[in-house]
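Written below as structure tokens is the structure these notes are about.
The values are calculated or read from the model by the stated rules, or taken from the named source; none is laboratory data. These figures come from a predicted structure and were not determined experimentally. Virtual Cβ from ideal backbone geometry, glycine too; neighbours counted across all protein chains shown. All accessible areas refer to the heavy atoms of the entire protein, side chains included, with ligands and DNA or RNA removed. Shrake-Rupley method; radii C 1.70, N 1.55, O 1.52, S 1.80 Å.
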Amino acid sequence: MGGTELHETQAAALAFETAPAIMWVFAGPGHRIVAANRLARASVGDRPGLLGTPVREAVPEAAGQQVFEMLDQVARTGEPQLGVERRVEIDLTGAGDLVEGYFTYSVVRVPGPDGDPVLVAHVIDVTASVRQRHAAQAEVAEVRQRLAAERRVTLQLQRNLLPTGLPLLPDLGLGAAYVPAGEWLTAGGDWYDVVTMPGDRVGFVLGDVVGHGPTASGAMGQLRAVAAERLVRGGTVSEVLRALDTIARLSPDARGSTVCVVVLDRLTRVLEHGSRGHPRPLVLGADGVPRFLEGQVGPPLAFLDSDSPVSYSTLSQGETLVLYSDGVVEAPGRGFTESRDRLVDCVAHVAVQNAGNDPRELPDRLCSALAALVDNQTSRDDVTVLAATVLAGPAPRLELALPGVAEQLVVLHRELNAWLDALSAHRDDRTAIALCVVEAVTNSIEHGYRDHTGIVTVVGELDGIGGVTVTVADTGTWREPVERTPYRGRGMLMMRECSDHLHVDTDEDGTTVHMRRAIRRPPVPLPDFDPPHPVTAPHALSVKTEITGTTIRVFATGVLDSSNAPELRAALQEASRSGPGECLIILAAVDLLTSAALRVLYEQVTDLRAANRALRLITPPDSPAAAAFTASGLDHLLPVHSTE
């Protein structure tokens, strides 16, 4: 070999050895290592005896990481293989501790000096950059999780500061919706309230505090409390706005807030209204034609030295008042006039679609449709809508005359739920009212009509000030139970816990139970927050038993009352006869649980414990079963668990 050739060969070897990349050359079917530069040797811990050794023997820990299989494929097919940031674990010290690395590579098959093919691998160690990126991604994920947690806290704060429901009134259908702003559903300062007032009046308030987050939510909580206090005391619109103006001047966070206050006289239907920096209310006519209320709009709160302007109008039967926040009419890329036109068109469209339906449902439909107008992904403001329809017909009323037998409880459940459906009552109110009424009727059957010869009358109606009154009466003679047991008396305790007022009259002519509970209609729920739960009460009970090892699970579904409690007793008695272990009673699917079923559970505890079986009641904290345990006080005797 001449001098020039020797010089060139040495230069090529030097370039190979000092290349800023990992370089491997493999030959033969076993992929013997015939060349490895310094970075290649360092990548496997500079282990001795690399050259001439098949790669599977030289780097055995690579087995199972698809490295050898990839070399086999290139050798067999001749097709190059490329990879980006492939993860490989290598024993760098020989102590058996694998170290993670990431490599971007290319492997090609080329003819060798003797004509036989060899494999050339060019590898870049990208471990440092990958780890840096992973660290950055983890940091971003942590920030997103923290933001999500803050969002949940803020939304929870916002929800707790807003009304949990709207009062149910016989002559007004009410609806409300609140949607937080933006992709992250950031809670803002929108707020609303509906307050029953002295003199058959009702007040509506809808406001907007500048900004988002906890600060805005705190300010709107202050304003809402002040407005509610003035309305409850019978204040005029001007007085309410004056009080809000005072708070805004004292609180920097409330300064510049907007608000609309409306007071409706339900007898004369005169509408008193005033706005401070807030969009004008809209009225949907009985003929389906929307119009905006006339009147001067004052500046935002804290920016007026005189009394707020107040205007008057009149609502007719079938007309609907709509209050809304500026988030409805202030959309990115759309002018105010165009947005108002969309608002009017949407309201008119809903009116057409709702023609022939129950007018009490119109406010909810309007609120849902107007909230859906806003693209929540791009909107920078939250959206609130409040609607009230003047109803023409009478409110739904419950009137029953039931024979005094336990089988009639099925009829009671059906009619009671139909009435509560018509009222669109909140789930908690439904549960409480059902417990009260069923307990009262059960008492009449058990204590007044043991000979099954009497009639139990049930009358339920809205009282006009946001509550439900129910009267249960019989003409029987009250008789104490033959056998006294520890569970007795808890039915009356449940009734008192589930009602705001309970009065029982018992004399020789019979027993009459009067009960009242403030009842509210749920607003349209927040997105991704507390989706609506349809409340239905099956008129039958299903009890299913499953056995796993020494654990017995008893699943109850439907309504548990005195007409079917023996089915639950039979299942628990069977559990007590099956040997030692644990008995789980799953009550999550129970729609109603009365004192008769509580009695069964209480009585069976002794039998189950005598059989060395531990008893656990499983039901979510917000379930009707959990409500019954809490109202009756039995949760102190039989602990309730939310999960197994």
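Does segment 89-109 contain any residue that is at pLDDT 90 or above, more than 58 Å from the chain's Cα centre (by Cα) and more than 25 Å from residue 130 (Cβ to Cβ)? Yes: segment 89-109 contains one or more residues that are at pLDDT 90 or above, more than 58 Å from the chain's Cα centre (by Cα) and more than 25 Å from residue 130 (Cβ to Cβ). One residue stands out in segment 586-635 among those that are touching an Asp or Glu at 6+ places or on another chain (Cβ under 7 Å), modelled with pLDDT of 70 or more and not in a strand (DSSP E or B): the one that is surrounded by the most Cβ atoms within 10 Å (Cβ to Cβ), namely 624. Within segment 497-509, residues that are farther than 21 Å from residue 628 by Cα have Cβ atoms under 6 Å from residues that are part of a loop (DSSP other than H, G, I, E, B) and modelled with pLDDT under 85 in these pairs: 506/478, counting only partners at least 6 apart in sequence or on another chain. Annotation for segment 374-388: no member residue is open to solvent by 70 Å² or more (accessible area, probe 1.4 Å) and either at pLDDT 85 or above or under 27 Å from residue 521 (Cβ atoms) (or both). For segment 46-79, residues that are in contact with a strand residue (DSSP E or B) (Cβ under 7 Å, 6 or more places away or on another chain), under 15 Å from residue 26 (Cβ atoms), surrounded by 11 or more Cβ atoms within 10 Å (Cβ to Cβ) and not hydrophobic (A, V, I, L, M, F, W, C) total 4. Listed conditions (1) under 30 Å from residue 132 (Cα atoms); (2) without any contact (Cβ under 8 Å) to a residue 12 or more places away in the chain; (3) open to solvent by 60 Å² or more (accessible area, probe 1.4 Å) are all met by residue 14, apart from (1). If you go through segment 424-442 one residue at a time, do you hit one that is at pLDDT below 85, open to solvent by 10 Å² or more (accessible area, probe 1.4 Å) and under 30 Å from residue 604 (Cα atoms)? So far as segment 424-442 goes, yes, one or more of its residues are at pLDDT below 85, open to solvent by 10 Å² or more (accessible area, probe 1.4 Å) and under 30 Å from residue 604 (Cα atoms).
If you go through segment 388-415, how many residues are among the hydrophobic types (A, V, I, L, M, F, W, C) and either free of Cβ contacts under 8 Å to residues at least 40 places away in the same chain or touching a Ser or Thr at 6+ places or on another chain (Cβ under 6 Å) (or both)?
Step one: of segment 388-415, the residues among the hydrophobic types (A, V, I, L, M, F, W, C) are 388, 390-392, 395, 398, 400-402, 405-406, 409-412.
Within this subset, residues satisfying the condition of being either free of Cβ contacts under 8 Å to residues at least 40 places away in the same chain or touching a Ser or Thr at 6+ places or on another chain (Cβ under 6 Å) (or both) are 401, 406, 409, 411.
Adding up the residues that qualify gives 4.
Of the residues making up segment 219-234, those that are of a type outside the set (A, V, I, L, M) and either farther than 18 Å from residue 310 by Cα or open to solvent by less than 70 Å² (accessible area, probe 1.4 Å) (or both) are 221, 222, 224, 229, 233, 234. Just so you know, in segment 235-279 the residues that are under 22 Å from residue 322 (Cα atoms) and small (Gly, Ala, Ser) include one that is surrounded by the fewest Cβ atoms within 10 Å (Cβ to Cβ), and it is 238. Flag: residue 235 does not match the condition of being closer than 30 Å to residue 463 by Cα and either touching a residue at least 12 places away in the same chain (Cβ under 8 Å) or in a helix (DSSP H, G or I) (or both).
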